[in-house]
1. Using 0.36 nm times the number of residues separating residue 243 and residue 414, minus their current alpha carbon distance, what extension gain do you get?
2. Quick one: which residues, 5+ away or cross-chain, put their amide H under 5 Å from the amide H of residue 487? H built at 1.01 Å from N.
3. To the nearest 20 Debye, how big is the dipole of region 213-279 about its Cα centre, given +1 on the beta carbon of each Lys and Arg and -1 on that of each Asp and Glu?
4. Would you kindly state how much longer the chain becomes between residue 251 and residue 46 on full extension, computed as 0.36 nm times their sequence separation minus their alpha carbon distance, in nm to one decimal?
5. Can you give the three extents of the C-alpha atoms in the chain along their principal axes, from longest to shortest, in whole Å?
6. When the Karplus curve 6.51 cos²θ - 1.76 cosθ + 1.60 is applied with θ = phi - 60°, which whole-Hz ³J(HN,Hα) does each residue of region 227-233 get, with x for Gly and Pro?
7. Return a single number: how many Lys pairs in the chain, at a sequence separation of 8 or more or on separate chains, have alpha-carbon atoms below 22 angstrom apart.
8. To the nearest 20 debye, what is the magnitude of the charge dipole of the chain about its Cα centre, counting +1 on the Cβ of each Lys and Arg and -1 on the Cβ of each Asp and Glu?
Amino acid sequence: MQGRLKFWGWGLESEVLRPEEVSTLEATHAHRFGIAAFDVTPAPRAEEIRLRAPRVTPPVSLREVCSTDHYQRLLHSYGRSFFDSARIFARDFANPPDVVAFPRDEREIVAVLDWCDSVNAVAIPWGGGSSVVGGVEPPRTDRHVVTIDLKHLGRVLEIDRTSQAARIQGGTYGPALESQLKPSGLTLRHFPQSFEFSTLGGWIATRSGGHYATLYTHIDDFVESLRVVTPAGTLESFRLPGSGAGPSPDRLFIGSEGILGIITEAWMRLRPRPTFRAATSARFKEFYQAAECVRAISQSHLYPANTRLLDAGEALVNGAGDGRHSILVLTFESADRPQEANLQRALEIVRANGGEYDERALNTDGAQRQGAAGQWRDSFLRMPYYREVLTPRGIIADTFETSITWDRFPGFHAKVKAETERAIEDVTGKKGVVTCRFTHVYPDGPAPYFSFHALGDKRRLVEQCWEIKIAASEVLNALGGTITHHHAVGRDHRRWYDKQRPDLFAGALRAAKKSLDPRGILNPGVLVDALA
Ligand SMILES: Cc1cc2nc3c(=O)[nH]c(=O)nc-3n(C[C@H](O)[C@H](O)[C@H](O)COP(=O)(O)OP(=O)(O)OC[C@H]3O[C@@H](n4cnc5c(N)ncnc54)[C@H](O)[C@@H]3O)c2cc1C
């Protein structure tokens, strides 16, 4: 990675939004909330923040691997959620990790875990720190906290071209992973929006969702085998294309969010880079009519790479629509054959469901760079930077994502949207904006992703956003949606995850934790409570 990461925002210190992007965002939100100008809190500087002194000193044998540097402790204090951003701009760094470890290999990971065990410290595995659910933040505890940053485990170690798979280290960031695979002509083709600043180990530990909307949606689908260092020892699963031998050991660690062990390596399934593409966008007068169309496409088993449905509000904000129509971005990709026929069949379904498509944006010779689809793509790539402009202006900008079966979708969507809008008005005294898009779709249901914007009170942003999030999560949970489709559970979603998972399963997970991490070192408070 070229350059230093911002401890107060997204990406590198050298990467910020251009002045014209900032003024457009400001103008949109000033108009939306009926205010003339914003009072802007400057981004914090590292020198102005005082941190609690480290409560523990690493042993001499680990001095080369461990840091108590001020900037490193700031950077590792938070993930990248709205709550994190609000606390960062409020200069609230009350609970930093004591030490940040940067092990270079498994032997050093074992040594750091052994040291944590010997001083009863908490150990937090850290990939890119892009968690938006409180997954990497030090828990409020009297125990010392050591964050284990895996950035030195950043290599593709081996490529098996025959089976189309690669052995990749857990701390490998998205761009480094793809650039090391590139000479082979193969790709993992897993692109979460956070791709640039998140890692393979983080994706596996959180069951992340990639950019592609159907078929291979989650990282789970690409894991062939895993190697994991746990406090009880190191384990490795067999490399297999499939297996019926009991519950899958891989599945125990996929989604384990750093509570059972540190994923140091994985054999990942690859595929040839796609060369054939066909893409366009369609528009619909009515959102539920568009959703019906997406249902028909998902049940046609055409498996488009993208069927991203944006409601009218979402399309407008991202410059992809006129604010009156829902927009459906459709893309087909293949490394093997032209995709026009699939696109044409999907467009027949669009027409049959009352949609119109944009002739000018039909693109069969490359990526989706034109029309509404192209506009959406550009906006999607800039979006992660918006928060560091909005938070200092007192705008609560957050998202939550879920999934639900098609039979329940319309009632579910209407109620969740209405309850979130009501909560925003109750909490802030002003109307907010709640929009929805589908990030992924399955033959049995969509994964709706809600975004909301509200004008908050800068002194109470965290509290206000929590009140809104609680209202939304309560209704979503009561109506049977999952508390997360791909952002993970972390600490923030615990209360709803606990209601969603069967109690007997929770007991089995605690038993697994007790067996692999008997002293409860790893990421306490995430997924399960501290061990009794
Ligand atoms: C702007 C933005 C966009 C995002 N877009 C997406 C998206 O499109 N799809 C999506 O799924 N998520 C998305 N996220 C959420 C986040 O990027 C994912 O959860 C991602 O998988 C986290 O990867 P990471 O390497 O940053 O992990 P971290 O944030 O460092 O860690 C996440 C969790 O995994 C654990 N962990 C990390 N590495 C390891 C390891 N090697 N072994 C064991 N445990 C480990 C941590 O302890 C923590 O509990 C987004 C976040 C942001 C800020």
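None of the figures in this text is laboratory data; all of them are computed from the coordinates on show. In this text the structure is predicted, and so the values were computed from the model without any measurement. With ideal geometry, Cβ positions are generated from the backbone for all residues, glycine too; neighbour counts draw on all protein chains shown.
1. Values: separation 171, 0.36 × 171 = 61.56 nm, distance 4.12 nm.
Taking residue 243 through residue 414 to full extension adds about 57.4 nm, to one decimal.
2. Amide H neighbours of residue 487, under 5 Å, 5+ apart: none.
3. Working: 7 positive and 7 negative charges, 71 e Å.
So the dipole magnitude of region 213-279 works out to roughly 340 debye.
4. Details: separation 205, 0.36 × 205 = 73.80 nm, distance 4.01 nm.
Difference between extended and current length: 69.8 nm.
5. The Cα atoms of the chain stretch 68, 60, 46 Å along their principal axes.
6. Coupling constants for region 227-233: 10, 9, 9, 10, x, 8, x Hz.
7. 21
8. On the way: 65 positive and 64 negative charges, 40 e Å.
Dipole of the chain, to the nearest 20 debye: 200 debye.
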